[in-house]
Amino acid sequence: MITAAEILNANVLIVDDQQSNVLLLEEILREAGYTRVSSTMDPHAVAALHREHGYDLILLDLKMPGMDGFQVMENLKAIETEGYIPVLVITAEPGHKLRALQAGAKDFVSKPFDLTEVKTRIHNMLEVRLLHRRLDNYNKVLEQTVQERTAELRESEARFRALTELASDWYWESDESQRVTKVSGPILDMLGIQMGASMDETKVLQGSGWNEAERAELETNIKARRPFLDFPFSRVKPDGSMQYFRASGEPIFDRSARFIGYRGIGVEMTGRPFANLPAAGA
């Protein structure tokens, strides 16, 4: 909520070519408790003054020599790029009210002045203006926060991937259908497999040479959506030599606890017997 003190401390500009009107409006506002009231009788100066001071409200007479209020509002549009022109027009001509609103004014007061109407419309428009500014500032802060959090997440992901690459030979991710969606590292080259749209984790272990018991146990873990740590698997290469691997993986769930896939790392252990390594997790 906007407090009464905030409204009375708003920055207000009076624009009228008649000094008597300026003095009257200044007196009305100061008696109501407004503390930041300024004025000009030169409509040509309004845009520059608003650019410098950023008024919360401009009380603008429509009928002025040299430049009328409609022309002043056109100049203000170049400053208020978001489309909110904080203008309360002053007019003695009823036909100008609708045109002024269509030109961007937010409200109007009629001449001769009704003191209650003037104070009420000024108060209400300032309350709306300050709320609009508060919302605009909130949105800017929110946008900045989102950008900062996004940058932090990207930096964190980059550090995670860098550490993963140091600790393993490859990193992998898959979706809920066991299709591999991301592979970082030389595992497919190690196995002589071409990545395809239908690739999944279990197919990596299919084909000749693989240890069938190990393959079946890994498939069971994946289908049961269990995590596995340093899971050993091996194969006999076409030249008759053995190739050994360790893989770790964990299931991924979204915020609603829905399973959305797996992610994990792997290391080639060729030359090191499994018996000398920690037992595989289940």
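The values are calculated or read from the model by the stated rules, or taken from the named source; none is laboratory data. This is a predicted model, so every value here is computed, not measured. Methodologically, a virtual Cβ is constructed for each residue, glycine included, from the backbone with ideal geometry; neighbour enumeration extends over all protein chains shown.
Things to note:
- Just one residue in the set T40, T116 is over 25 Å from N137 (Cα atoms), touching a Leu at 6+ places or on another chain (Cβ under 7 Å) and of a type in the set (S, T, N, Q); that residue is T40.
Rundown of residues vs (1) touching a residue at least 60 places away in the same chain (Cβ under 8 Å); (2) surrounded by fewer than 21 Cβ atoms within 10 Å (Cβ to Cβ); (3) under 23 Å from E127 (Cβ atoms), yes/no style:
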site	(1), (2), (3)
H44	no, yes, no
L57	yes, no, yes
E74	no, yes, no
E80	no, yes, yes
Y84	no, yes, yes
L98	no, yes, no
A103	no, yes, yes
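- Residue, modelled with the lowest pLDDT, within the stretch 231-252, restricted to residues that are surrounded by fewer than 13 Cβ atoms within 10 Å (Cβ to Cβ) and not charged (D, E, K, R): P238
- Candidates K182, K203: the one that is assigned by TED's automatic domain parsing to the domain that holds P227, within 17 Å of S248 (Cα to Cα), at pLDDT 70 or above and charged (D, E, K, R) is K182.
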